[in-house]
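Inspection log for the structure reproduced underneath, given as structure tokens.
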């Protein structure tokens, strides 16, 4: 399985705040330099590298005399405004030693959840790689609001890996691998491979980051691995100081085996890179039709509508208990649907015209969750 690592040509590397900064905030020059040297050698050796880097807020803490990561959004944005320039400056100087130009790409959740923005982000990243530059991606913390934040860069890295059609995703943190329990517990053992979801059964991964500067934890990293491997991309989880060893194929960290086939990019985008604008409540018959028989959703099977959305927006399809069973692109505005519920398409066409003889969500625009 390590051949999945050594044979990868296009690699996305994600590094967390705690791996780049000091405990009190501020950039750790040595850590950044070591990571740059590893990735610089990789890029000059004929591989394409995209770096997803946290650390903007953390890098701004010390210059602004902030003792810890602030909780309020305005101060976080101020710290990011100061820190992002410092961080990209260090990267630019470091990669220049290897003869490499870097390109900064700042994204919000909207940039990967709205289809038009998603395509534009792809074109930018693709052109940077074509021109021989090394893209450095981060969430645009200076403008992101609570409603449009990723919350951590692990999910962003997984989506970027799928966006650029990567061959490998490396998740770097302050923990060297996934363990059966707390890494500090002597009875815990390192999990070298995760081949199927069953390999994660019984493992306590609900441990948040203890860093004063980071936001993620093992939960977000495993979820990112699920997203990427679901798109057929292998994932290695390890500590930043072991990045060189991991990229050389050494037996370090945890390797998540990818799915055997990649889903259609459009359906992957719908499942993982969209935020639902509303919810359609389905009766049991409609749930069975959509989930078991992979049918389109018709007005007759909908019992209620939540949210404010327009035709073409993503919505969640939920069962009687309110649990999402699918996500799809809706063909009606939210304001239109209440008058259509429980009625057949034939009835609607006769009463309102042939334009209403259509699915609420077509099966080609629907993905099961």
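Key figures for this structure:
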{"quantity": "Ellipticity estimate at 222 nm from DSSP helix runs (n ≥ 4, -39,500 (n - 2.57)) divided over the chain, nearest 500", "calculated": "-10000 deg cm²/dmol"}
{"quantity": "Degrees between helix 153-163 axis and first principal axis of the chain (Cα, 0 to 90, nearest 10)", "calculated": "70"}
{"quantity": "Label point at residue 203 placed 7 Å out along Cα→Cβ; residues across the stretch 159-181 whose backbone nitrogen lies under 11 Å", "calculated": "177-181"}
{"quantity": "Sorted by Cβ density within 10 Å, fewest first, the residues 174, 313", "calculated": "174, 313"}
{"quantity": "Spin-label proximity, residue 349 to the stretch 295-334 - amide N less than 17 Å from point 7 Å beyond Cα toward beta carbon", "calculated": "296-301"}
{"quantity": "Cα long-axis angle, helix 73-96 against the chain (0 to 90 degrees, to the nearest 10)", "calculated": "50"}
{"quantity": "Residue order, fewest to most surrounding Cβ atoms within 10 angstrom, among 256, 268", "calculated": "268, 256"}
{"quantity": "Residue 117-residue 294 FRET efficiency (beta carbon distance; Förster radius 25 Å; 0.05 resolution)", "calculated": "0.30"}
{"quantity": "Residue order, fewest to most surrounding Cβ atoms within 10 angstrom, among 184, 248, 296, 173", "calculated": "184, 248, 296, 173"}
{"quantity": "Cut-off 20 Å, label 7 Å out along Cα→Cβ of residue 335, residues of the stretch 351-369 by amide N", "calculated": "352-353, 355-356, 360"}
{"quantity": "0 to 90° range, to nearest 10: angle between helix 29-44 axis and the chain longest Cα axis", "calculated": "70"}
{"quantity": "Within a Gaussian network of the chain (alpha carbon springs, distance under 10 Å), most fluctuating of 22, 180, 344", "calculated": "344"}
{"quantity": "DSSP-defined beta bridges in the chain - what % are antiparallel, rounded to 5", "calculated": "40"}
{"quantity": "The stretch 4-81 versus the stretch 154-183: alpha-carbon centroid distance in Å", "calculated": "14"}
{"quantity": "Relative contact order computed over the chain (Cα-Cα under 8 Å; 6+ residues apart), in percent", "calculated": "15"}
{"quantity": "Surface/4 of the Cα convex hull for the stretch 255-320, nm²", "calculated": "6.1"}
{"quantity": "Among beta bridges that DSSP assigns inside the stretch 6-138, antiparallel share in %, nearest 5", "calculated": "5"}
{"quantity": "Separation of the residue 323 and residue 264 label points, Cα + 7 Å toward Cβ, nm", "calculated": "2.7"}
{"quantity": "Three semi-axes of the equivalent ellipsoid, the stretch 3-268, Cα gyration tensor, whole Å, largest first", "calculated": "25, 22, 19"}
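Throughout, read-outs are computed from the coordinates displayed, never taken from laboratory work. What you see is a predicted model; the values in this text were computed from it and never measured. Glycine gets a Cβ as well: all are built from the backbone with ideal geometry, and neighbour counts include every protein chain shown.
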